[in-house]
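Trainee: Provided herewith is a single structure, encoded as structure tokens, for subsequent inquiry.
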Amino acid sequence: MADAYIVGAVRTATGKKKGRLSAIHPIDLGAAVVDELVDRTGIPVDAVDDVIFGVVMQIGAQASNLGRNVSMASKLDLAVPGTTVDRQCGSSLQAIQFGAQAVMSGTQDVIISGGVEAMSTVEIGSNVRDGLANGRGIPKGERLELQYPGIQFSQFDGAELLAEKYDISRDELDAFALSSHQRAWEATQKGYFEKEIVPLNITLEDGTADVHTIDEGIRPEASLEGLQGLNTLREGGVITAGSASQISDGAAAIMIANEDAVKKHGLQVRAKIHSLAVVGSDPVIMLEGPIPATIKVLEKAGLSIDDIDLYEVNEAFGSVPLAWAKAVGADMSKLNVNGGAQALGHPLGGTGAKLMTTLVHELERRGGRYGLIAICEGGGTANAMIIERMSEVSH
């Protein structure tokens, strides 16, 4: 089986809900990161075998096979196809896994895998609401109802159940949320994100032209007192808006290639995709999947959690990475070292590629060897992947 190498990894800086990126079409956001990969790698525009893009709300601006639309809107040759993946919050990590599998199988040589979500334009849950409003039914058939009678699957309920199961307190959640903002702001101030971010030309509400290069959701002024003063999302619960991910707009993309393509096109190998896994877990607690996914991917790699230099575990809610760390015995100093979705945002379909981009660049900056990424997903599934840095250390 061939190896799959990451030869490029870029992302947009995220925009807040109705913020600086809200006027940009999701296809254009996706095309921007694809174009940046083409420019940075110098690959011929007809050498890419496929574009695989994750997006969750496949309706309106994000309908009609967004992956193909991104390919057509980019610099790539018209002959480069495209397809779209929905694995909920892990959609673009699944896109990376599909790309890696294609390259490993030898059936394709170069894949661009990524994702996008324009949550200001296509609001979360809009596909379900449209279905209900237009008499297209509910997303729960008779057989599923028999297995889970009367249960409405909810990530909010899952976040609370996870906190309860792993004994995570409100104080722990607030402290972790604060650290997310502090780490993200420090990384921004020190320029750690500069190499991974694609500058976007934007027009502000007053007509002024500007360039978007900084994640908009970071709150440098965040304080523990402020977080402690927020109301919980559920009566008697521990999760607040402060310990939940931010609604965001953004895109990210990864270029994956095999050894033949690397040599043919003179590509720089940044990292090797070492092992990958996807699992199902209890859809009621829903967000626990990163734990068994991590155990599985570590076993496949023949590694222990102590062998991993950096972890990116999506902060869909603060209880997810905190429960994960307790369950797998992770070193908290290696977890989301530049902040997470509580500060940097969670553009659903783009988050997996966004986190992978940050992981690749941070491993290079620190000179680490192994990085692990895991993402919880609606419906009780989770993806995990381990990469191994192959490039020279970047300072």
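The values are calculated or read from the model by the stated rules, or taken from the named source; none is laboratory data. Predicted, not measured: the structure shown is a model, and the values here were computed from it. Positions of Cβ are backbone-derived with ideal geometry, glycine not excepted, and every protein chain shown enters the neighbour counts.
Trainee: Could we say that I168 is surrounded by 15 or more Cβ atoms within 10 Å (Cβ to Cβ), more than 27 Å from D249 (Cα to Cα) and either among the β-branched types (V, I, T) or under 21 Å from the mean Cα position of the chain (by Cα) (or both) here? So that I can check it myself, show each step before the final result.
Mentor: Details: surrounded by 15 or more Cβ atoms within 10 Å (Cβ to Cβ): yes; more than 27 Å from D249 (Cα to Cα): yes; either among the β-branched types (V, I, T) or under 21 Å from the mean Cα position of the chain (by Cα) (or both): yes.
Here the answer is yes, as I168 does meet what is asked.
Trainee: Same structure, new question: How many residues does the stretch 45-60 contain that are under 23 Å from L344 (Cβ atoms) and touching a His at 6+ places or on another chain (Cβ under 7 Å)?
Mentor: Within the stretch 45-60, residues that are under 23 Å from L344 (Cβ atoms) and touching a His at 6+ places or on another chain (Cβ under 7 Å) number 0.
Trainee: What are the residues in the stretch 104-127 that are part of a helix (DSSP H, G or I) and surrounded by fewer than 15 Cβ atoms within 10 Å (Cβ to Cβ), if any?
Mentor: If the condition is that a residue be part of a helix (DSSP H, G or I) and surrounded by fewer than 15 Cβ atoms within 10 Å (Cβ to Cβ), then S105 is the only one that fits.
Trainee: Something else about it: Scan the stretch 24-44 and give yes if some residue there is more than 29 Å from L344 (Cα to Cα), in a loop (DSSP other than H, G, I, E, B), of a type in the set (A, V, I, L, M) and in contact (Cβ under 8 Å) with a residue 40 or more places away in the chain, otherwise no. Before the answer, list the steps.
Mentor: In the first step, residues of the stretch 24-44 are kept if they are more than 29 Å from L344 (Cα to Cα); the result is 42-44.
Those left that are additionally in a loop (DSSP other than H, G, I, E, B): 42-44.
If we keep only those that are of a type in the set (A, V, I, L, M) as well, we get 43.
From what is left, the residues that are in contact (Cβ under 8 Å) with a residue 40 or more places away in the chain are 43.
Scanning the stretch 24-44, I find at least one residue that is more than 29 Å from L344 (Cα to Cα), in a loop (DSSP other than H, G, I, E, B), of a type in the set (A, V, I, L, M) and in contact (Cβ under 8 Å) with a residue 40 or more places away in the chain, so the answer is yes.
Trainee: Here's another thing I want to ask about it. What are the pairs, 6+ residues apart or on separate chains, where a residue within the stretch 372-387 that is assigned to a loop (DSSP other than H, G, I, E, B) has its Cβ under 9 Å from a residue that is of a type in the set (F, W, Y) and surrounded by fewer than 24 Cβ atoms within 10 Å (Cβ to Cβ)?
Mentor: So the pair list comes out as G378/F153; G379/F153; G380/F153.
Trainee: Further question on the same structure: Within the stretch 86-97, does at least one residue satisfy the condition of being surrounded by fewer than 23 Cβ atoms within 10 Å (Cβ to Cβ), more than 27 Å from S245 (Cα to Cα) and in contact (Cβ under 8 Å) with a residue 12 or more places away in the chain?
Mentor: no
Trainee: Being surrounded by 21 or more Cβ atoms within 10 Å (Cβ to Cβ) and either within 28 Å of V10 (Cα to Cα) or in contact (Cβ under 8 Å) with a residue 60 or more places away in the chain (or both): is that true of I291 here? Write out each step before concluding.
Mentor: Values: surrounded by 21 or more Cβ atoms within 10 Å (Cβ to Cβ): yes; either within 28 Å of V10 (Cα to Cα) or in contact (Cβ under 8 Å) with a residue 60 or more places away in the chain (or both): yes.
So I291 fits the description; yes.
Trainee: Moving on to the next point. Might you check whether a residue that is in contact with a strand residue (DSSP E or B) (Cβ under 9 Å, 6 or more places away or on another chain), free of Cβ contacts under 8 Å to residues at least 24 places away in the same chain and not β-branched (V, I, T) occurs anywhere in the stretch 72-80?
Mentor: Yes, some residue in the stretch 72-80 is in contact with a strand residue (DSSP E or B) (Cβ under 9 Å, 6 or more places away or on another chain), free of Cβ contacts under 8 Å to residues at least 24 places away in the same chain and not β-branched (V, I, T).
Trainee: Right, here's the next one. Check whether at least one residue in the stretch 167-183 is assigned to a helix (DSSP H, G or I), hydrophobic (A, V, I, L, M, F, W, C) and under 23 Å from L93 (Cα atoms), and report yes or no.
Mentor: Checking the stretch 167-183: not a single residue is assigned to a helix (DSSP H, G or I), hydrophobic (A, V, I, L, M, F, W, C) and under 23 Å from L93 (Cα atoms).
Trainee: Go through the residues of the stretch 226-245 one by one and say whether even a single one is surrounded by 20 or more Cβ atoms within 10 Å (Cβ to Cβ), under 26 Å from A9 (Cα atoms) and out of contact with any Asp or Glu (no Cβ under 9 Å at 6 or more places or on another chain).
Mentor: Looking for residues that are surrounded by 20 or more Cβ atoms within 10 Å (Cβ to Cβ), under 26 Å from A9 (Cα atoms) and out of contact with any Asp or Glu (no Cβ under 9 Å at 6 or more places or on another chain), one finds none in the stretch 226-245, hence no.
Trainee: On to the next question. Residue by residue through the stretch 67-87, note down the ones that are over 20 Å from V56 (Cβ atoms) and either assigned to a loop (DSSP other than H, G, I, E, B) or modelled with pLDDT under 95 (or both). Step through it out loud before you land on a result.
Mentor: First, the residues of the stretch 67-87 that are over 20 Å from V56 (Cβ atoms): 72, 74-81.
Selection gives S74, K75, L76, D77, L78, A79, V80, P81.
Trainee: Scan (1) touching a residue at least 60 places away in the same chain (Cβ under 8 Å); (2) surrounded by fewer than 21 Cβ atoms within 10 Å (Cβ to Cβ) for the single condition M332 breaks and write down its number.
Mentor: (1)
Trainee: Right, another one. For the stretch 207-251, give me the residue count where each residue is in contact with a strand residue (DSSP E or B) (Cβ under 8 Å, 6 or more places away or on another chain) and without any contact (Cβ under 8 Å) to a residue 40 or more places away in the chain.
Mentor: 4
Trainee: Something else about it: Which of the following residues is surrounded by 22 or more Cβ atoms within 10 Å (Cβ to Cβ), of a type outside the set (D, E) and either at negative phi or out of contact with any Phe, Trp or Tyr (no Cβ under 6 Å at 6 or more places or on another chain) (or both): A252, A222?
Mentor: A252
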